Structure formats: C-alpha cells, structure tokens
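Please read the structure below before turning to the comments.
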Amino acid sequence: MSSQMPEVIDGNGESLALPDHFLNIPLIALRYSVRRVIALYLNAPSDVVDEDTGYVNDFSGLAEFVGFSYLEIKHFARQKSPTEELLEEWSETRENLVSPTVGKLWEGLYILNRFDVMKDCQLAIVKDVEAYQRNKQREEDIRPVQSNDVSQSSDQHVDEKAILCIGDVDNNSPQYFDAFVSYNHEGEDLNFVKNMIQTLEGEPHKLKLFIPGRDDLPGASKYVIEAKLIESRCRRMVIILSNNYLQSSACDFQSKFAHALSPGARSKKLIPVIIEPMRIIPQILRHVTLCDYTKVDLQEWFWNRLSSAIKQPLDPVASGWGQGSSSHSSSHGSISSMASSPDSAIGLSLSSSSEAKMEISSDSLEDMKSDWVDLSSDFSQSESEMSHSMSPPSVNSFSAPGPSCISDSKSTGKHEVIYSRPTTTGKGKKSDLRKRMKARFEKITSAAFGGSSSSSAKVN
C-alpha cells in the first residue's frame with residue numbers, strides 16, 4: 001500500500017488496495033479492455049466536486065490531478081472517449097505531469113472518491129500488471145549476454161558503404177557499372193536475366209551489369225548497399241517488369257529509390273523491360289518509354305535498343321556529346337551556293353561567321369573598290385534611321401566597309417577582300433536599299449567568280 005493512501009475497504013470488508021510492487025509499474029501495462037472500463041465510468045460528466053481538492057470526479061478531475069492544462073482538458077472533452085485520450089497522452093512521459101504509473105492512477109481514483117471504479121477494475125488491473133511482469137521477465141531471459149568489449153570495439157566505426165560488391169574485393173578498388181538490374185529472383189525472371197547477361201556482357205555490347213544475387217556481398221545491410229550502388233556506382237537501372245516483379249518489396253524499393261534520383265525521367269535513369277504481358281504497369285513507370293520483349297516481331301531489334309539506352313550519356317551536354325561531328329562544306333560548294341543566292345550568302349557571311357575572305361583577280365579590283373565606296377554612302381544615314389529601316393531575317397546589324405578593307409597581296413599576285421562581321425545592332429531595312437545591296441553583291445560575285453575555275457571563298 002502507498003504511504004499516501006489509507007487502506008480502503010469496500011462494503012464486503014475487502015481491501016481495494018494494490019500490492020506495493022505494483023505501484024511503480026508504468027501505465028502502458030494496462031491493456032485496452034481495462035482502459036475502456038475506466039472510461040465508461042469517467043467519461044460521463046459529473047457535477048460532484050471534492051471539497052478538499054476541488055476536483056470534479058470525472059475525467060476532467062483526473063486530468064487536473066495528473067497536471068494537464070485547461071486547454072488540454074477542453075481538447076479531451078471534444079474526443080469520442082476523453083478518458084482513453086487522457087490515459088494515452090499521460091503514458092507519454094512529460095516533465096510537468098505526475099509519473100505515469102499504475103500507483104498514481106490508483107491514487108487519483110482514490111482522491112476523486114471513485115471507489116466504484118477501483119472495485120470494478122481492481123482484479124483486471126492486477127491481471128494486466130502480472131502479465132506485463134511475465135513478459136518483461138521473458139525478455140530478460142532470452143536477451144543474449146554481450147560483453148562490453150564487443151559493443152565497444154572499433155568495428156562499430158567501419159564504413160560499410162566503402163565495399164559494396166564482390167568486384168570491390170577482387171579488384172581492391174571501387175567498381176562501377178553500366179546498369180543495375182532490378183528483378184524478382186523467382187520464376188522466369190531469373191532465366192531472362194541470365195540470357196541478358198550472356199547477350200549484353202558479351203560481344204558486341206560489352207556492358208558491365210550489376211546483378212543482385214551474383215555481384216552483391218552476403219552479410220551487408222541490404223537496402224543501404226543497394227541504395228548506394230544505385231546512386232553512385234550504376235549509371236542506369238534496368239527494371240525487368242513482370243507480374244512477379246510487382247510482388248517483390250525489394251524491387252519496389254529499388255525502383256522507387258531510382259525514380260527519386262531521377263523524377264520525371266529527366267535523366268532517363270530508369271529503363272523498364274517488359275518480359276511478359278502485364279496486368280498493370282506501376283504508376284511511376286507509365287510515363288517512361290518501355291522496352292517490350294513480348295513483341296516477337298520486334299525482338300530482333302530488342303537487344304540493340306536496350307544496349308543503346310544503357311550506353312547513352314546521362315547528360316549529353318556535360319559529356320561533350322556531338323562536339324566535333326559537324327563538318328564545314330568545301331570551299332567550292334560554299335561559293336556555288338553564295339553565287340546562286342545573294343540573300344543566303346549575305347546571311348551566311350554576317351550571321352554564321354566572324355569574317356569571310358574571297359580571293360579575286362586584279363582585273364576586278366578597281367571596280368570593286370569604287371562599288372564599295374558607292375555602297376558605303378548608302379549607309380551614311382543616322383543610327384536612328386538605320387534602326388527603323390533595316391530588317392533582314394538573318395542580319396542583326398550592318399557595318400559597311402570602306403575601301404581600306406580591300407588589301408593587295410603582291411606576293412601571290414591576287415587580291416583578298418575581307419568582309420568583317422558587324423558588331424552593332426539595328427532593325428529594319430528599306431526595300432530599295434536591299435535591292436541595291438543585292439545588285440552590288442551580284443556584281444561583286446560575278447566579277448570575282450564569273451568564268452574563273454580557280455576562284456575560292458574561305459569562311460572563317
């Protein structure tokens with residue numbers, strides 16, 4: 001019996017006290033049935049107020065005894081079962097509340113003069129506490145004895161993500177893979193994966209695949225290692241989709257983790273492969289282009305498609321993909337296109353290169369100088385007028401060269417005309433100015449290339 005509670009005797013002369021060793025048992029020992037019985041009594045609102053303590057002898061009085069605030073008690077009152085909510089909140093240890101023990105609950109019921117609750121719940125509480133003590137003792141009996149030397153060993157600080165696969169051990173260095181193959185190890189899925197290994201890891205594809213069950217290390221933390229491999233060691237994930245795949249929790253984790261690394265398939269990290277007719281496609285894969293092995297008439301292209309999807313760079317721009325593949329046209333081809341279309345030639349010389357060079361014979365040099373002087377005068381209008389008068393689609397601005405741009409090359413006996421790329425901006429172009437430009441250009445190109453097989457143009 002607690003020293004704070006006098007011995008309570010019911011009408012039959014029986015004691016309502018609990019054994020002393022029950023008083024410090026935590027409140028979580030009480031099962032749902034006992035809590036429900038206590039709630040049936042205390043949930044009903046009461047107007048009885050204790051003269052000494054001022055507590056109402058319902059759930060609100062018990063909440064005040066425990067130490068809950070007014071707002072918390074009002075919150076309990078709005079619940080379906082205020083007393084059960086109170087006991088649940090009380091079980092979570094808080095500094096401003098009395099200790100959540102069976103002894104304190106019993107003391108609260110005594111202070112509220114709820115001897116009816118104490119009498120009806122006494123036997124059930126005793127049984128719950130005894131069952132709790134038996135379970136605790138059973139846990140103690142089966143708990144292995146562990147030496148302090150083991151728990152404090154340096155092994156606790158080993159980085160388990162440093163060595164992730166068999167290849168790391170064999171080669172004494174981290175191994176990287178073209179793709180992580182996510183599949184269910186049961187059924188026909190494994191047979192398809194074995195066929196894929198023979199095809200893609202051999203000639204001509206020579207891919208390096210990570211196959212769970214073949215390349216992973218036993219004894220490691222499964223999901224930690226798989227997550228690290230998918231994130232840092234494997235460029236792609238090939239998902240072997242089948243009806244068995246949908247039943248695997250490990251496959252579900254792998255696909256969702258990889259999708260989280262590449263939401264919306266922006267980096268195309270996921271490559272789904274269907275190997276049998278599917279009842280349903282996972283939601284996260286419905287927007288991703290599938291590689292379908294079930295279509296017999298497309299199987300001859302299947303492996304090349306899959307191999308190319310694995311090999312393609314994750315970020316083509318960052319990897320420099322496509323650089324150096326473009327080639328410049330030959331000089332003769334460029335000249336013929338310029339001569340046939342002056343508009344195109346002007347656009348090419350002003351927009352696609354910084355300057356254009358043409359080698360011409362000396363016979364046409366003097367005529368060209370005078371033409372350039374005349375043409376320069378067409379550009380003598382003010383800058384504000386230019387901004388409203390010039391609008392060729394491929395020309396942002398014009399800077400007409402003077403005669404000084406034409407230089408003689410005495411060592412070769414030929415002359416070189418350099419058309420510098422414009423550096424200022426302007427908009428619009430009057431139609432008559434455009435016509436004059438065409439006429440001048442046709443005259444220049446005719447003088448430079450007409451009947452001369454040795455003429456050439458260089459575009460820098």
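Just so you know, all these numbers are worked out from the coordinates, no wet-lab data involved. Computed from a predicted structure; not experimentally measured. Ideal geometry is used to build each Cβ from the backbone, glycine not excepted, and the neighbour counts take in all protein chains shown.
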Hz values of 3J(HN,Hα) by residue in the range 199-211 - Karplus curve (6.51, -1.76, 1.60), Gly and Pro given as x: 7, 7, 8, x, 5, x, 7, 6, 8, 10, 10, 9, 10
Going down the list 222/295; 194/311; 161/311; 269/295; 80/136, which pairs span over 28 Å between their C-alpha atoms? 222/295; 80/136
Using a 10 Å cut-off on Cβ atoms, rank the peptides 103-110, 281-288 from the highest mean neighbour count down. 103-110, 281-288
Which net charge results when you count Lys and Arg as +1 and Asp and Glu as -1 among the other residues whose beta-carbon is under 12 Å from that of residue 305? 0
Using the Karplus equation 6.51 cos²θ - 1.76 cosθ + 1.60 (θ = phi - 60°), what ³J(HN,Hα) coupling, rounded to whole Hz, does each residue of the range 49-60 give in order, writing x for Gly and Pro? 10, 6, 5, 7, 9, x, 7, 7, 8, 10, 4, 5
In whole Hz, with x marking every Gly and Pro, tabulate ³J(HN,Hα) for the range 171-176 from phi via Karplus 6.51 cos²θ - 1.76 cosθ + 1.60, θ = phi - 60°. 9, 6, 6, x, 9, 10
Most packed first (mean Cβ within 10 Å per residue), the peptides 233-240, 113-120 order as 233-240, 113-120
More than 18 Å apart - percent of Cα-Cα pairs taken over the range 20-136: 47
Neighbours of residue 184 by Cβ distance under 14 Å: Lys/Arg at +1, Asp/Glu at -1, summed charge -4
